[in-house]
Amino acid sequence: MFSKTKTSETDSNQKAGETFKAKVGEDVPTVSEMPARTQKAKPPPSILASDLKIIGDIRTSGDINIEGEVEGNIHAHLLTIGESATIKGECNADDVVVHGRVVGKVRGLKVRLTSNARVEGDIIHKTIAIESGAHFDGSVQRQKDPPNAKPVGSPPKAPGSPPPGTQPQAPSTQPQATSIKT
């Protein structure tokens, strides 16, 4: 009825040319048991020590733990601000966990202020958690995608409109000269 034939299929996680064969009753390795070279491991978070002071912006697509002092804007996937850390600038990440001090705007899909947190600035978030004991001085605004949202301010200027702070001029009744280059 059924015949058992040996076939070799290439696993999508294996290099071309390598095959995996399992016998009946044999355990098949899971993805976590595969050799390390076939998996793309997530890199460990970058750590800025407490004796480090950075003046300038920080950008990473990974995770970062800050224990030192930063004067500049920070963009990351997961941003953890340690108890000894002081940030003077905007913090922008998918997940932001604040244990230390931030003077500036915090933007994140998930923002968490622990009991030791001190934030002096606005928080723009999708979800927020503020533990008892946290100090927060600013406003809170909920948005669907805060890390990618444009800053809220005056509406965009229409083409040909006068600069902000100037009075619009009445249209002239004089014909204007136009030039066309060919």
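Since every read-out is calculated from the coordinates, none of them should be taken as a lab result. The shown structure was predicted, so the numbers you read here are calculated from the model rather than taken from an experiment. Heads up, the Cβs are rebuilt from the backbone with ideal geometry, glycines too, and the neighbour counts pull from every protein chain shown.
For the condition surrounded by fewer than 19 Cβ atoms within 10 Å (Cβ to Cβ) and either touching a residue at least 60 places away in the same chain (Cβ under 8 Å) or out of contact with any Lys or Arg (no Cβ under 8 Å at 6 or more places or on another chain) (or both), what is the one hit in HIS99, HIS77? It would help to see each step written out before you state the result.
On the way: HIS99 fails: surrounded by fewer than 19 Cβ atoms within 10 Å (Cβ to Cβ).
Exactly one residue qualifies, and that residue is HIS77.
Give me the strands (runs of 3 or more DSSP E) completely within the stretch 54-134, filtered to those with at least 2 residues that are farther than 18 Å from PRO146 by Cα and among the acidic types (Asp, Glu), ordered by residue number.
Ranges flagged: 69-71.
Scanning the stretch 112-146 for residues that are among the charged types (D, E, K, R) and under 17 Å from THR80 (Cα atoms), we see that the one that is surrounded by the most Cβ atoms within 10 Å (Cβ to Cβ) is ARG112.
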